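Q: One structure, pasted below without further comment.
The values are calculated or read from the model by the stated rules, or taken from the named source; none is laboratory data. Keep in mind it's a predicted model, so treat the numbers as computed, not measured. Reconstructed Cβ throughout: ideal geometry from the backbone, glycine too, with neighbour counts over all protein chains shown.
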Amino acid sequence: MKSTLSRRWNWALGLALSFVCLVAAVYYYLSTHQINVHITSRVFMLVLVLVIVIVFFVLPVYSVIVTNEIRKRHRVEKALIRAKEEAERASKFKDRFLSTMSHELRTPLNAVMGFSDLLADKRYGELSERQQRYVSHINTGGRHLLKLINDILDLSKIEAGRLEISREDLSVETIFGEVVSALRPLAEKKTQTLSSLAEPGLSVHADATRFRQVLMNLVGNAIKFTPEGGRIELEAQQVESEVQVKVRDNGPGIPPEDQKRIFEAFYRLRKSGEGTECIVLGLAITESLVKLQGGILGLESKPGKGSCFYFSLPMAKAVREARPPVAKVVRKAAATPRILTIEDDRMASHLLESQLTSSGYEVISCNQSDRALEMAADLQPQAITLDLLMKPTSGWEILLQLKHDPRTSAIPVIVVSIVDQPTSGAAIGADEYLVKPVDKTTLLAAVNRCLDGGEGSSPARPILVVEDDTPTREVIAELLKTKGYAVATAADGASARAQVAASLPQLVILDLMLPKVGGFELLAEWRADPRTSELPIFVLTSKELTAEEKTYLRVNAQSLFHKQESWQDALLRQLQRAVGKPLAVKV
């Protein structure tokens, strides 16, 4: 059996043999030439024996030890590589599982919430008090579960590094107004005081959607854990080159042992004085969202003295400078349609006024945002154009006021702003959404749609609902039928393609994840065909969209609605603008 020697051993053996030969040659030379040196044969033999021991015993043992260590290191490296590959594969499977399950869970949840809304609407008969309570519990539980699913997906995206952050300069006062307006009804249910305070002109460089989400989570938690009659304050101030944001409450506070773990995902926090526990997943997401935008989320709390969550983000230049409030009226003939323009920028207001008056409209301009609601209620215009970035009352808050006040809720509102958030505008109640700069043709087309929609009748052609999930398809169809619209349905892409080819519908409500033919494929076909290139298409989906897909839909679809959000009211408002009001409601 041949022994295999490593390369190191071969080199060591060769050097040792060379050394022995050299010593022997030197000794022979000294002996033959009778040179007197202080060395004896005994000493020489001792050196020779040591060299032989080193070469034939020490070096082989050392070589074996080193070889074994190298082999162990190689095995460890291979194991680490395998573990890394398995972890990456598991991560991919997890992402695929979450993406698939989110759709599979959201689809029946939308059906549950949709049918519970239809039952609560009492269009199919009166409900007893107990039945109303049960339906409310079903709807509340469904919305809570839907929020939990959305939180889990957000957390998964953050951990995988796939969450997109798009930073811009934002007005803190505007964002505060949106958050307070959205959450004030929840605070009022518990007779709580919800207020906001921000230094004038303060702006932050952050992602608008995620900044709003952080504030909604923190304020929502404060409302949830603060007892009735409590106080929640939202504050912002400049600290050097940053903006420090605080959410303060006078609730029961957080125990020290919970403060150390409260930002952990799925940590169960016990409500003070209660036996129940709740998962504070939103705080883990909030902390990660703050970190992604360059800040750190902190907490100050003492039991019995309330809590204060705070974080800092980079400060930006003021989004808009304050302007002196003025209001003026440009009158035309009383028979012409009256348009109220709410805009605090003098140049932008003048441009809107010129574009509308030159087309025969009576224009009333108002740049006092705090008087906008009362002016709209007093004047009762046929339509309103609204900017979003205004002071002291933001356009978002004015839009909410207009749509919730019985005196103005039926007046169409056209948002004309530099803020590119049409989905948020539609969700709050905007009938049209135009992003500045807006040319005259686009503005007049939006105004005409609003005016025509208010005087329209029920369309002769049906609205085509393309949805593969049967309960969701039935919810959408029933929702439209109860409002008086004619409805046709398709359960897959091939059926929708055939129906549109046979008879052009008034409008299409399209899901994207369809069997046989996908929603994106249908949309591309219809936009490429001259016969259907102008067909109004609303996309209603639970698909997680990429930035490219959102851009494509913004160009090729009239409206985009997400099933994981509250879409019913927004869809009906946009539908009314697109095809008009039905003449009668059939039950």
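Q: Of all residues being surrounded by fewer than 16 Cβ atoms within 10 Å (Cβ to Cβ) and small (Gly, Ala, Ser) in segment 198-247, which is farthest from residue 421 (Cα to Cα)? Just the residue, please.
A: So the residue we want is 229.
Q: Might you let me know whether segment 131-150 holds any residue that is outside the structural domain of residue 214 (by TED's automatic domain parsing), at positive phi and of a type in the set (Lys, Arg)?
A: No, segment 131-150 has no match at all.
Q: Next up: Determine, yes or no, whether residue 187 is surrounded by 16 or more Cβ atoms within 10 Å (Cβ to Cβ), under 30 Å from residue 118 (Cβ atoms), touching a strand residue (DSSP E or B) at 6+ places or on another chain (Cβ under 8 Å) and touching a residue at least 12 places away in the same chain (Cβ under 8 Å).
A: yes
Q: Scan the helices (runs of 4 or more DSSP H) fully inside segment 412-516 and keep the ones with 2 or more residues being surrounded by 15 or more Cβ atoms within 10 Å (Cβ to Cβ) and hydroxyl-bearing (Ser, Thr, Tyr).
A: Filter on segment 412-516 gives 422-428, 470-482.
Q: Here are 181, 195: which of them is touching a residue at least 40 places away in the same chain (Cβ under 8 Å), of a type outside the set (A, V, I, L, M, F, W, C) and either closer than 16 Å to residue 419 by Cβ or not in a helix (DSSP H, G or I) (or both)?
A: 181
Q: Quick one: count up the residues across segment 483-512 that are closer than 20 Å to residue 542 by Cβ and aliphatic (A, V, I, L, M).
A: The qualifying residues number 7.
Q: Now a separate question. Take residue 573 and tell me if it is of a type in the set (D, E, K, R) and touching a strand residue (DSSP E or B) at 6+ places or on another chain (Cβ under 8 Å).
A: Answer is no for this residue.
Q: Looking at segment 333-349, which of the residues that are loosely packed, with under 15 Cβ neighbours inside 10 Å and within 36 Å of the chain's Cα centre (by Cα) is modelled with the lowest pLDDT?
A: 347
Q: Is segment 297-307 home to any residue that is under 28 Å from residue 395 (Cα atoms), at pLDDT 85 or above and not basic (Lys, Arg)?
A: Within segment 297-307 (the criterion being under 28 Å from residue 395 (Cα atoms), at pLDDT 85 or above and not basic (Lys, Arg)), the answer is no, since none of the residues qualifies.
Q: Go through segment 517-536 and give me each residue that's outside any loop (DSSP other than H, G, I, E, B) and in contact with a Gly (Cβ under 8 Å, 6 or more places away or on another chain).
A: Of everything in segment 517-536, those that are outside any loop (DSSP other than H, G, I, E, B) and in contact with a Gly (Cβ under 8 Å, 6 or more places away or on another chain) turn out to be 519, 521, 522.
Q: Let me ask another. Please find, within segment 357-370, the residue that is surrounded by the most Cβ atoms within 10 Å (Cβ to Cβ) out of those that are in contact with a strand residue (DSSP E or B) (Cβ under 8 Å, 6 or more places away or on another chain) and closer than 24 Å to residue 391 by Cα.
A: Per the stated criteria, the residue is 363.
Q: Please state which one of 397, 467 is farther than 30 Å from residue 368 by Cβ and either outside the structural domain of residue 554 (by TED's automatic domain parsing) or acidic (Asp, Glu) (or both).
A: Matching residue, one of 397, 467: 467.
Q: Something else now. Can you find a residue in segment 425-435 that is over 25 Å from the mean Cα position of the chain (by Cα) and without any contact (Cβ under 8 Å) to a residue 60 or more places away in the chain?
A: No, segment 425-435 contains no residue that is over 25 Å from the mean Cα position of the chain (by Cα) and without any contact (Cβ under 8 Å) to a residue 60 or more places away in the chain.
Q: Does residue 320 meet the test of being at pLDDT below 80 and loosely packed, with under 14 Cβ neighbours inside 10 Å?
A: no
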